[in-house]
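Asker: One structure follows; several queries about it will come next.
The values are calculated or read from the model by the stated rules, or taken from the named source; none is laboratory data. These numbers come from a predicted model, not from an experiment. Heads up, the Cβs are rebuilt from the backbone with ideal geometry, glycines too, and the neighbour counts pull from every protein chain shown. Areas reflect the complete protein model, heavy atoms only, side chains present, ligands, DNA and RNA absent. Shrake-Rupley method; radii C 1.70, N 1.55, O 1.52, S 1.80 Å.
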Amino acid sequence: MENRRRVFSGKGKMTKDKEIKDILEKGLFKGDIMFNERMSAHTSLKIGGPVDIMVVPEDPISLKIVLTAASRGKVPVFVIGGGTNLLVGDGEIEGIAISLKAFNQIEKTRETDESHIGLYIGAGVPLASVVGLARKNGYSGIETLVGIPGHFGGAVSMNAGSFGTEIKDVIMSVAVMNMHGEILVLNKDEINFSYRSSNLPEGAVILSANILLKKDLPEEIEKRALEFLDRKRAAQPLGEASAGCIFKNPTGDSAGRLIDAAGCKGDRAGNVEVNEKHANFFINKGNAECRDFYKLMEKVKSKVKKQSSIELEPEIKIIDSA
Ligand code: EPU
């Protein structure tokens, strides 16, 4: 799988885990630390084996302690966001999974003029809460993103989008922490946002972003949000165990349309199924395994290739130590 992340393995793993455990438990780290935590409890797909270490830092200093320790020990880290765009392997996952759910502040920043409003959003705020706040207060610009699950940081990292709007359209700046624990604030023009990617530097962990929304009548925004939600409900299996769209749309076409046209709807591998409503959604029908997910992805790719000569590329992030 092209974007499968190969993570640390090999000699000294136990020692490194112990060193990191000591650093976290004896130092200034504040937050939760879990060992051998099953990732299936943290992904919308409900798939994923136990990760060596999972941390929920409470503040930037604690995050810095995790990142610098990992960097020194050459231990891989990955941020799980809301776990909604993530496929995690069945076996033991090596490294440190980071949840930023404690980075959950939303604050008004500035009104550049009478017609706009600025907001500071922490990476761990659910995107749905940001959209909900905008709907309630009459802030326009992200009502098209209604119904997208996951955390705001993940939405920025993936440049989430729907109905012609992408998160980049409202971004002013993004604060990130690098693997040395340094905080950098990047203005929008310094970030090379593209379709479903922010192209942030390797290892940069998103802490927060500032966005700018336009004031509008709350009832007008609400009306539009409900229309978008209806369209989404009609087209997508919201509420089922999925990771959203599995493959990126090739230029000028829809991966869902191509998968459908290749006759894949209802195709299965184990307990993973190509959804009947939207073919670019694969559903965990109950206790599905990552290995079945891979099989189904390969099967769908090859049927689409045969039918339309198009090579689909995964949109989801894959974490696997296999
Ligand atoms: N279609 C089919 N069969 C299907 C699915 C779609 O024929 O099974 C057809 C539809 O009838 C329509 C066309 O394909 O004519 C496009 O479908 P849709 O409007 O559902 O949009 P999409 O291109 O499949 C994209 C994004 C979604 C986003 C929607 C709405 C990607 C990979 N997908 O889907 O984003 O919600 O537009 O804006 O970019 C995601 O990123 O996870 C995601 C779900």
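Asker: Being closer than 23 Å to residue 39 by Cβ and over 19 Å from the mean Cα position of the chain (by Cα), is that true of even one residue in the range 92-111?
Answerer: yes
Asker: Next question, about the same structure. Out of the residues in the range 32-49 that are under 14 Å from residue 80 (Cβ atoms) and in contact with a helix residue (DSSP H, G or I) (Cβ under 8 Å, 6 or more places away or on another chain), which is most open to solvent (accessible area, probe 1.4 Å)?
Answerer: Looking at the filtered set, the residue picked out is 46.
Asker: Considering only residues that are part of a loop (DSSP other than H, G, I, E, B) and open to solvent by 20 Å² or more (accessible area, probe 1.4 Å), which ones fall in the range 137-174?
Answerer: 141, 147, 148, 149, 158, 163, 164
Asker: Would you be able to say whether some residue in the range 228-238 is more than 13 Å from the ligand (Cβ to nearest atom) and over 30 Å from residue 271 (Cβ atoms)?
Answerer: The answer is no; no qualifying residue exists.
Asker: Just a yes or no: is a residue in the range 138-154 within 16 Å of the ligand (Cβ to nearest atom), under 15 Å from the mean Cα position of the chain (by Cα), at pLDDT 95 or above and of a type in the set (A, V, I, L, M)?
Answerer: yes
Asker: Could you check how many residues of the range 171-227 are of a type in the set (A, V, I, L, M), under 18 Å from the mean Cα position of the chain (by Cα) and farther than 30 Å from residue 73 by Cβ?
Answerer: 1
Asker: Step by step: first the residues of the range 241-259, then only those that are surrounded by 15 or more Cβ atoms within 10 Å (Cβ to Cβ) and more than 7 Å from the ligand (Cβ to nearest atom), then the one that is nearest to residue 87 (Cα to Cα). Which residue is that?
Answerer: Among those residues, the one meeting the criterion is 243.
Asker: Scan the range 175-207 residue by residue and report those that are on the phi > 0 side of the Ramachandran plot and modelled with pLDDT of 95 or more.
Answerer: Going through the range 175-207, the residues on the phi > 0 side of the Ramachandran plot turn out to be 181, 196, 199, 203.
Passing the criteria: 181, 196.
Per-residue answers, yes or no, for (1) loosely packed, with under 15 Cβ neighbours inside 10 Å; (2) on the phi > 0 side of the Ramachandran plot; (3) touching a Ser or Thr at 6+ places or on another chain (Cβ under 7 Å):
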residue: 230; (1), (2), (3): yes, no, no
residue: 267; (1), (2), (3): no, no, no
residue: 278; (1), (2), (3): no, no, no
residue: 281; (1), (2), (3): no, no, yes
residue: 291; (1), (2), (3): no, no, no
residue: 301; (1), (2), (3): no, no, no
residue: 310; (1), (2), (3): no, no, no
residue: 315; (1), (2), (3): no, no, no
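Asker: Here is a follow-up. Between a first residue in the range 260-289 that is over 17 Å from residue 312 (Cβ atoms) and more than 10 Å from the ligand (Cβ to nearest atom) and a second residue that is part of a strand (DSSP E or B) and acidic (Asp, Glu), which pairs have beta carbons less than 6 Å apart while being 6 or more apart in sequence or on different chains?
Answerer: Partner pairs satisfying both residue conditions: 283/273; 285/273.
Asker: Determine whether the range 117-129 contains at least one residue that is without any contact (Cβ under 8 Å) to a residue 24 or more places away in the chain, within 15 Å of the chain's Cα centre (by Cα), open to solvent by less than 30 Å² (accessible area, probe 1.4 Å) and within 16 Å of the ligand (Cβ to nearest atom).
Answerer: No, the range 117-129 contains no residue that is without any contact (Cβ under 8 Å) to a residue 24 or more places away in the chain, within 15 Å of the chain's Cα centre (by Cα), open to solvent by less than 30 Å² (accessible area, probe 1.4 Å) and within 16 Å of the ligand (Cβ to nearest atom).
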